[in-house]
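The values are calculated or read from the model by the stated rules, or taken from the named source; none is laboratory data. The structure presented is a predicted model; accordingly, all values stated were derived computationally and were not measured. Every residue, glycine as well, gets a Cβ built from its backbone with ideal geometry; the counts of neighbours run over all protein chains shown. Areas reflect the complete protein model, heavy atoms only, side chains present, ligands, DNA and RNA absent. Shrake-Rupley method; radii C 1.70, N 1.55, O 1.52, S 1.80 Å.
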Amino acid sequence: MSDIMTIVVPWFGPDTAGGAETQARQLAAAIHALGAPVEVWTTDGRDSFSPPAPYYRTGPDVVDSVPVQRFPLTPPRPAPCDPYIPAAVQRARLPADWIDFPDHERRLLASLLSSDALLDAIAAERDRRRFIFIPYPFPTTFWGTLLAGERGYLLPCLHDEPYARYSTYRWMFRHTRRVLANSPAERMLALRLYDLPPDRVVMAGEGIDLTPRGDGAAFRKKYGLHGPVLRYAGRRDVSKNFPMLLMYLREYWARRKTPLTLVLTGRDPVDIPPPLRAIVLDLGDVSVQERHDAYAAADVFIQPSTYESFSIVLMESWLQGAPALVNARCDVTREAVEASGGGLSFDGFAEFAAALDLLLENRALRRALGARGRAWVLENCRWEDVARRTVAAVMEDGT
């Protein structure tokens, strides 16, 4: 029997939110569709937006025709907590080149959701499986790659953030068999941060569901939108630069007096500053169809984040023909804009305002940029292609 590709992710399920979790689910389904043996190992928790408590039933499950095994979660240890090494790792013995990592890095790992039972299973099954760990910061990934050894592959969803420079993660990247990157910029970041040989980091890519068709006219009619529509989707927190977007928009609106609307979708609640409530339409967590209707209604999709390895929401907006305005300090989204010709980038408020002026004043330009973005997504974001590259990277040798 061939080795089973086993995707290890902290959360996984039909009710699970999050970019890495969505990627894991769609990748598993795409690999299964190719006829390759694939399973998912995860905890019984829901997602990072929910309390660290059981949500799904522990044990075997099936999601999108893919076999899933759910293990009881090990709750995060409240800070301050002692550095912790799971029993499975203690039994397996630490590698000879193990580093005495700083306490604050080990405490970070101890403070995140994990599953001792899942790690025990990795240790027991290591010779019969090839493990793909996603995303990089979690104990299931760090300790899992250590236990899997040469049978461990890392799909990190790496961001250029302070944690990425921790010695724990540097050790992990250098000791996994191969790293699977979502974008060229993420691949270059991994090579630069961890001094890896080029053949150790493969550009597998990421896909999106290419079937949704948004109805922008119906969306505008439903919510009575008549002027320019700006669009933001996803988490509304500092890590995504959402507060900066609100600050820039407030200043832009105060200066231009443009009768615009910012349409928001996303699960986590947010408190919109009173001066902006007149121009912000916050729909919260919506259906897939309404999310894409909102993309299709947008004159401009804005992605201010600098912490991206791919940006699903950017690709979804392009699928519906919305031109993009992205943060120039994010190599991933800036390079996607440059490669596709699907939008503009900004560095600071002056460039943000100038780019928005240009886009809102020129309908033909918006349509052209949006069409280029859509064509690029249709060419580069097919899950079948991503799954084939992933299977090739993981199964091409006989180790």
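Some points to look at:
- Where segment 300-340 is the region considered: accessible area per residue in Å², 1.4 Å probe: 23
- Net charge of Cβ neighbours under 13 Å - reference VAL270; Lys, Arg +1; Asp, Glu -1: 0
- Residues whose placed amide H lies under 5 Å from that of VAL63, excluding near-sequence neighbours: VAL68
- Amide H contacts under 5 Å for THR6, placed H, 5+ residues apart: GLU39, ARG130, PHE131, ILE132
- Highest-fluctuation residue, VAL89, VAL313, VAL326 considered, GNM on the chain with Cα pairs under 10 Å: VAL89
- Percent accessible area from carbon and sulfur atoms, the chain, protein chains only, probe 1.4 Å: 52
- Highest-fluctuation residue, LEU73, LEU210, LEU180 considered, GNM on the chain with Cα pairs under 10 Å: LEU210
- For segment 202-354, radius of gyration divided by Kirkwood radius, i.e. Rg to Rh on alpha-carbons: 0.94
- Cα shape, segment 1-80, gyration tensor, a/c 1.5 rule: prolate
- Per residue of the chain, the DSSP helices (runs of n ≥ 4 H) give a summed -39500 (n - 2.57) that works out to -12500 deg cm²/dmol at 222 nm.
- Under Karplus coefficients 6.51, -1.76 and 1.60, residue-wise ³J(HN,Hα) of segment 119-125 in Hz, glycine/proline x: 5, 4, 5, 4, 4, 6, 9
- Pairwise centroid distance, computed over Cα atoms, of segment 245-278 with segment 1-77, Å: 36
- For segment 383-394, backbone phi angles converted through the Karplus equation (6.51, -1.76, 1.60; θ = phi - 60°) give residue-by-residue couplings of 4, 4, 5, 4, 4, 5, 5, 5, 4, 4, 5, 8 Hz, Gly and Pro being listed as x.
- If you take all other residues with their beta carbon under 14 Å from the beta carbon of PHE242, and give Lys and Arg +1 and Asp and Glu -1, the sum is +1.
- Surface per residue (accessible, 1.4 Å probe) for segment 45-177, Å²: 45
- Largest GNM mean-square fluctuation among TRP171, TRP383, TRP41, using the chain with Cα springs under 10 Å: TRP171.
- Percent of alpha-carbon pairs separated by more than 36 Å within the chain: 26
- Around the amide H of VAL280, modelled in the peptide plane, lie the amide H atoms of LEU262, all under 5 Å away and 5 or more residues distant in sequence or on another chain.
- Each peptide in 343-353, 146-156 was scored by the mean count of other Cβ atoms within 10 Å over its residues; highest first, the order is 146-156, 343-353.
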